[in-house]
Amino acid sequence: MQVNNTKNRIIDVCIELFAEKTYDTVSLREIAKNVGIKESSVYSHYSSKKEILQKIVELQKNGNNEQIAQIDRLHLRLIENIENYKEILTDFMAVSRSPQFIKISKIVFKESFSNPIMKDAEAQELAAAKVIDILVYELIKQNIIDKKYEDLMSRTIHGYDRSLILEFIVKCNGVDEEEMINLYDMYIHNAIEFIDEQVKLFRAISKMDT
């Protein structure tokens with residue numbers, strides 16, 4: 001049991017350190033010191049720092065599996081009542097609200113720019129982007145928005161979403177978990193409000209064209 005506890009503790013410490021700093025700047029010595037073990041003892045649990053990061057990516061993927069299940073349920077709800085998309089988006093975003101998931105997502109996003117280990121994780125990316133795709137698809141399928149605006153609307157919302165993630169990462173450095181959650185809630189609220197405004201805008205434009 002102690003072995004498993006130490007193994008998990010290494011992961012927990014690395015999530016904290018990689019989120020606060022970067023993968024490259026954190027040494028095995030620093031990891032061991034924060035876990036409370038000898039540097040050589042880290043190798044009893046993981047063969048390298050790379051393996052630790054791969055385990056963190058795996059945790060992120062497992063989180064995405066739950067989000068993918070949420071997307072399936074969300075899709076059905078959107079089909080049944082597209083008018084409630086704002087409420088549905090709010091419910092969905094709450095899935096990824098846990099401090100650990102936010103930190104892991106932060107690591108994945110930061111390292112995706114330079115670390116080849118993150119390519120698979122980046123391909124799956126946070127499922128929020130797929131939620132936007134589903135929303136745009138349903139709005140077009142149900143003739144609420146003209147299909148010719150699909151690409152423009154998707155790029156507008158996705159571009160805003162990515163810049164929002166970058167801003168969130170910068171601002172949540174060094175803050176405690178409660179403040180991080182508050183920041184996350186604020187950014188999610190702003191993102192949903194932005195999506196709502198864009199949907200209304202493109203709805204209005206589509207009506208003008210008819």
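Observations, loosely collected:
- Of all residues in region 73-101, those that are assigned to a helix (DSSP H, G or I) and either of a type in the set (F, W, Y) or farther than 21 Å from I169 by Cα (or both) total 19.
- Residue, modelled with the highest pLDDT, within region 118-128, restricted to residues that are surrounded by fewer than 19 Cβ atoms within 10 Å (Cβ to Cβ) and either touching a helix residue (DSSP H, G or I) at 6+ places or on another chain (Cβ under 6 Å) or assigned to a loop (DSSP other than H, G, I, E, B) (or both): E125
- A search for C-beta distances below 8 Å between a residue of region 189-204 that is in contact (Cβ under 8 Å) with a residue 24 or more places away in the chain and assigned to a helix (DSSP H, G or I) and any residue that is surrounded by fewer than 15 Cβ atoms within 10 Å (Cβ to Cβ) and among the basic types (K, R), counting only pairs 6+ apart in sequence or on different chains, returns I192/K86; I195/K86; D196/K86.
Residues are listed down the side, and each one gets a yes or a no for (1) within 19 Å of Q100 (Cα to Cα); (2) of a type in the set (S, T, N, Q):
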position	(1), (2)
L17	yes, no
E20	yes, no
Y23	yes, no
V26	yes, no
A32	no, no
S44	no, yes
E58	yes, no
N81	no, yes
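- Residue check for L183: modelled with pLDDT of 80 or more and surrounded by 20 or more Cβ atoms within 10 Å (Cβ to Cβ): no
- K171 passes every criterion in (1) basic (K, R); (2) surrounded by 13 or more Cβ atoms within 10 Å (Cβ to Cβ); (3) modelled with pLDDT of 85 or more apart from (3).
- Residues considered: N115, N64. Of these, the only one that is crowded, with 17+ Cβ neighbours inside 10 Å, more than 15 Å from the chain's Cα centre (by Cα) and either modelled with pLDDT under 80 or on the phi > 0 side of the Ramachandran plot (or both) is N115.
- Filtered residues of region 138-167 (kept if free of Cβ contacts under 8 Å to residues at least 12 places away in the same chain, in contact with a helix residue (DSSP H, G or I) (Cβ under 9 Å, 6 or more places away or on another chain) and among the polar types (S, T, N, Q)): N143
- In region 145-160, residue nearest to the chain's Cα centre (by Cα) [restricted to those that are assigned to a helix (DSSP H, G or I) and crowded, with 18+ Cβ neighbours inside 10 Å]: I157
The values are calculated or read from the model by the stated rules, or taken from the named source; none is laboratory data. Worth saying up front: this structure is predicted, and the values here are computed from it rather than measured. Ideal geometry is used to build each Cβ from the backbone, glycine not excepted, and the neighbour counts take in all protein chains shown.
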